[in-house]
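Quick notes on the structure that follows.
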Amino acid sequence: MGGFECSCHRLRTGRRLDLIGSTQHDRFAGADYRRLQNQGIFTARDGLRWHLIEQKPGQYDFSSVYPMLTAARETGMQIIWDLCHYGWPDDIDIFKPEFVERFGRFARACAQVLVSESDILPLISPINEISFWSWAGAEVAYFNPFAEKRGDRLKAQLVRASIAAIEAVWSVHPNIRLVQAEPAINVIAHPSRPADQPEAEAYRLSQYQAWDMLAGRIEPQLGGQEKYLDILGLNYYPTNQWFLHNGMKILVGHPLYRPFRELLSETYFRYGRPLFIAETGTEDEARPTWLRYVSEEVQAAQKLGVAVEGICLYPILNHPGWDDDRHCYNGLWDYPNELGEREIYQPLAQELLSQSEVFNRTRGLRWQR
């Protein structure tokens, strides 16, 4: 799969990001989808920008979405649509009940448009990375809503909003599939501080809180039920393992690095839901090597009986850095020229082809059985 970066949050400077716009994916959606298909990719993650669609309360303008909807229909591309990727309209206080109510109405309007514009039912991701957003936005004030020490409150609020969105989407069509994407992490105590291990383990297990809340396994007053867990997406990058307190990253090859297959297996047997890698990638020359590592770990997990259904290269396009607009070389394709042409990063394309051939052979063996 290919994932188009669609973050649209505000930074501390007050500037709102719009990665769909800054990569010009909205301008060249048809060409971008065809590029994916030429590489054997027929499923993509993409996003609806709430702050553009609902600029006035209760008034929806989907003109920013129709180019992508039309392109998806014309190319036959299957899209997983993010409804909220860290951004929301400026007039809403995210901590108030109004946020939940407005998001539910917005989700219903989105579902109505998505269903009406395609003969294929959409896949919808209500809120991307509740855990990361709660930490970044309400624990350390990295981005909106710029709060500190209120991460638990924001996490609960985002779960409420997700549930409202799911019910709203299902009111449009009860068979719409849902994707909930969260970071997969591993946090351990540094060997020099063994007394930190209980705290590190508690931190590690916190990665499951959002899903547990959605399922009603914890905080049942939020209204969670098992039915709200459908397809689980794991977002995994080279920096997703670290030591507690000093924050030093544990990288592949370190003796304490936990193989990704174990994170996949733990998640799958905890929830029993189909999984996919909803985001994975890295920068510069390490891109092919990282894809090879993730692919091999997914293959190993599948042999253990873990239902991993796909890998989403994310982002699929190079983009300006969130904080400094630097040119991030982390995609399969670069910035477009005026004709919408994008230069491909050939080493990653070659690794993608190699891994696709491996997965196709493995899938054929499963079918034969």
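Taken together, the values in this text are just the output of simple stated rules run on the coordinates, not laboratory data. These figures come from a predicted structure and were not determined experimentally. Using ideal geometry, Cβ is built from the backbone for each residue, glycine included, and neighbour counts are taken over all protein chains shown.
For the reader, a short list of remarks on this structure follows.
- The average projected area of segment 103-191, computed from the convex hull of its Cα atoms over all directions, is 7.3 nm².
- Overall dimensions of segment 202-244, expressed as equivalent-ellipsoid semi-axes from the Cα gyration tensor (√(5λ), whole Å, largest first), are 24, 14, 5.
- Alpha carbon convex hull of segment 157-262, volume per residue in cubic angstrom: 116
- Radius of gyration over Kirkwood radius for the chain, both on Cα atoms: the Rg/Rh ratio is 0.94.
- Its DSSP H runs of at least 4 residues, each contributing -39,500 (n - 2.57), put the calculated 222 nm mean residue ellipticity of the chain at -12500 deg cm²/dmol, to the nearest 500.
- Zone residues, segment 290-325, relative to S118, backbone N less than 18 Å from point 7 Å out along Cα-to-Cβ: 310-313, 316
- Residues of segment 250-287 with amide N under 18 Å of the 7 Å Cα→Cβ point at Q197: 255-259
- The trypsin sites (Lys or Arg not before Pro) of segment 20-114 include none that DSSP puts in a loop with a beta carbon having at most 13 other beta carbons within 10 Å.
- DSSP-assigned coil residues among GluC sites (Glu not before Pro) in segment 298-348, each with at most 16 further Cβ atoms within 10 Å: E338, E341
- Seen from E54, the other residues with C-beta closer than 10 Å to its C-beta sum to a net charge of +2, counting Lys and Arg as +1 and Asp and Glu as -1.
- Largest-first principal axis extents of the Cα set of segment 226-325 (Å): 41, 32, 27
- Alpha-carbon centroid distance for the pair segment 194-259 / segment 263-294, whole angstrom: 14
- Alpha-carbon centroids, segment 47-120 and segment 310-369: separation in whole Å: 26
- Rg and Dmax of segment 150-199, Cα atoms only, in Å: 18.0, 55
- FRET efficiency for D91 and T70, using Cβ-Cβ distance with R0 set to 30 Å, rounded to 0.05: 0.55
- Simple spin-label estimate for E167 and D61 in nanometres, 7 Å along Cα-Cβ: 3.1
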